[in-house]
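Colleague: Please see the structure below; I have some questions.
The values are calculated or read from the model by the stated rules, or taken from the named source; none is laboratory data. The structure presented is a predicted model; accordingly, all values stated were derived computationally and were not measured. Here Cβ is always computed from backbone atoms with ideal geometry, including for glycine, and neighbour counts include all displayed protein chains. To get the accessible areas, we keep the full protein, side chains included, count just its heavy atoms, and leave off ligands, DNA and RNA. Shrake-Rupley method; radii C 1.70, N 1.55, O 1.52, S 1.80 Å.
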Amino acid sequence: MEGTDSVTESSGFVIFKLVLSFFQFVLTKFFEKASIAFLSLMEGLTMKSTAEDQIATFDQLSAHWWEPTGPMILLHKLNKLRVPMVVEGLVKVGKLDRKQRYTTDSLKGLTILDVGCGGGIYTEALAKLHATVVGIDPARHLIEVAKAHAEKQPDIKERCQYYEQSLDDHWQGAVGKYDVVVLSETIEHVVDQSTLLKQVAAVLKPGGSVFISTWNKTNWSWLLAVVVLENIMKRLPKGSHDYDKFISPEETEAILEAYGCRTIEQRPFYLKFWESEWVWVPFNKLTYALHAVKQ
């Protein structure tokens, strides 16, 4: 009972700190944002986009992809959570020795597929840990940006390969090829999510791991992603998120299970959007990361 009480108090303290920080932000920014909120909401809340529209939207942002404080700041910041989760997850399943956890070449010898790699922010971070990483994305300008940026990094350019492809184009020539597949902020842009995860399972080696991060399908996630980040604060491209494509962790786990991948960890995280920082949290209402292993 004491252990349970301690966990409850700890969770409550984390939530209290987040709420307090949020209201401090609201009080200082309210008048600045209130003047544009109504027009932004009226203009953008009902906006939906096709897959082609979303590809075009991200293509237009390609020139700013590697600006650390630019429009892709949230992806840059997300590396603080998603890269360590890959390393720690592989340690848990015995693919890495625990001694490798904090080494600069902890992913050496592993082949990783980054699905929806964009301009290569996640891809390069994994390659810096000495993994061989293949990044695929259907957005041509983003692949060009990824290639150009990697070419300027002599320590990783030989370990980064990029292709202008969707997974639908890539998977048949890569069955059983990869130790790891990562889908970060990708699955919520795909219409046929079951087929996507079927193809992910197909390209994994037996015992391989898939790491997914995405938005939960809740009213809270819609409020944060679409209302706040797209339409009020302009931190995400308008129209880039469609609530109908958001997917709950339960549904993600069920689809993966159907294709022979067992979920071993699911961790909720949250964007402190007033500070542009992602943090792990004890409540699962907004975003989550998931690790599953192919049986």
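Colleague: Looking at (1) in contact with a Ser or Thr (Cβ under 9 Å, 6 or more places away or on another chain); (2) open to solvent by less than 30 Å² (accessible area, probe 1.4 Å), find the lone condition where Phe283 falls short.
Modeller: Of the numbered conditions (1) in contact with a Ser or Thr (Cβ under 9 Å, 6 or more places away or on another chain); (2) open to solvent by less than 30 Å² (accessible area, probe 1.4 Å), the odd one out for Phe283 is (2).
Colleague: Further question: Looking at this structure, is Val227 crowded, with 19+ Cβ neighbours inside 10 Å, outside any loop (DSSP other than H, G, I, E, B) and aliphatic (A, V, I, L, M)?
Modeller: no
Colleague: Within region 76-91, can one find any residue that is free of Cβ contacts under 8 Å to residues at least 60 places away in the same chain and in a loop (DSSP other than H, G, I, E, B)? Write out each step before concluding.
Modeller: In the first step, residues of region 76-91 are kept if they are free of Cβ contacts under 8 Å to residues at least 60 places away in the same chain; the result is 76, 79, 83-84, 87-88, 91.
When the remaining residues are screened for being in a loop (DSSP other than H, G, I, E, B), the result is none.
Scanning region 76-91 turns up no residue that is free of Cβ contacts under 8 Å to residues at least 60 places away in the same chain and in a loop (DSSP other than H, G, I, E, B).
Residues are listed down the side, and each one gets a yes or a no for (1) of a type outside the set (Lys, Arg); (2) closer than 28 Å to Phe283 by Cα; (3) at pLDDT below 95; (4) not in a helix (DSSP H, G or I):
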| position | (1), (2), (3), (4) |
| --- | --- |
| Val191 | yes, yes, yes, yes |
| Thr195 | yes, no, no, no |
| Lys198 | no, no, no, no |
| Lys205 | no, no, no, yes |
| Thr214 | yes, yes, no, yes |
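Colleague: Further question on the same structure: Here is a list of conditions, (1) at positive phi; (2) buried (at least 16 other Cβ atoms within 10 Å of the Cβ), and Ser276 meets all of them except one; can you say which number that is?
Modeller: All conditions are met except number (2).
Colleague: Is region 191-214 home to any residue that is surrounded by fewer than 16 Cβ atoms within 10 Å (Cβ to Cβ), touching a residue at least 12 places away in the same chain (Cβ under 8 Å) and more than 30 Å from Gly94 (Cα to Cα)? If you could, list the steps in order and put the result at the bottom.
Modeller: Start the filter on region 191-214 by keeping residues that are surrounded by fewer than 16 Cβ atoms within 10 Å (Cβ to Cβ), which leaves 191-192, 194-195, 205-207.
Retained after the next criterion (residues that are touching a residue at least 12 places away in the same chain (Cβ under 8 Å)): 191, 194-195, 205-207.
From the residues that got through so far, the ones that are more than 30 Å from Gly94 (Cα to Cα) too are 191.
Within region 191-214 (the criterion being surrounded by fewer than 16 Cβ atoms within 10 Å (Cβ to Cβ), touching a residue at least 12 places away in the same chain (Cβ under 8 Å) and more than 30 Å from Gly94 (Cα to Cα)), the answer is yes, since at least one residue qualifies.
Colleague: Just the residues that are among the β-branched types (Val, Ile, Thr) and either under 14 Å from the mean Cα position of the chain (by Cα) or more than 26 Å from His64 (Cα to Cα) (or both), please, taken from region 230-250. First the steps, then the outcome.
Modeller: Of all residues in region 230-250, those among the β-branched types (Val, Ile, Thr) come to 232, 247.
Listed by number, the list holds a single entry, Ile247.
Colleague: Would you confirm whether or not region 121-128 contains a residue that is touching a strand residue (DSSP E or B) at 6+ places or on another chain (Cβ under 8 Å) and either in a loop (DSSP other than H, G, I, E, B) or among the basic types (Lys, Arg) (or both)? Show your work before the answer.
Modeller: Step one: of region 121-128, the residues touching a strand residue (DSSP E or B) at 6+ places or on another chain (Cβ under 8 Å) are 122-124, 126-127.
With either in a loop (DSSP other than H, G, I, E, B) or among the basic types (Lys, Arg) (or both) added as a condition, the list becomes none.
Scanning region 121-128, I find no residue that is touching a strand residue (DSSP E or B) at 6+ places or on another chain (Cβ under 8 Å) and either in a loop (DSSP other than H, G, I, E, B) or among the basic types (Lys, Arg) (or both), so the answer is no.
Colleague: Only one of (1) in a loop (DSSP other than H, G, I, E, B); (2) open to solvent by 10 Å² or more (accessible area, probe 1.4 Å); (3) at pLDDT 95 or above; (4) hydroxyl-bearing (Ser, Thr, Tyr) fails for Ser106. Which number is that?
Modeller: Going through the list (1) in a loop (DSSP other than H, G, I, E, B); (2) open to solvent by 10 Å² or more (accessible area, probe 1.4 Å); (3) at pLDDT 95 or above; (4) hydroxyl-bearing (Ser, Thr, Tyr), Ser106 breaks only (2).
Colleague: How about region 250-273: which of its residues are charged (D, E, K, R), surrounded by 15 or more Cβ atoms within 10 Å (Cβ to Cβ) and outside any helix (DSSP H, G or I)?
Modeller: Glu265, Arg267, Lys272
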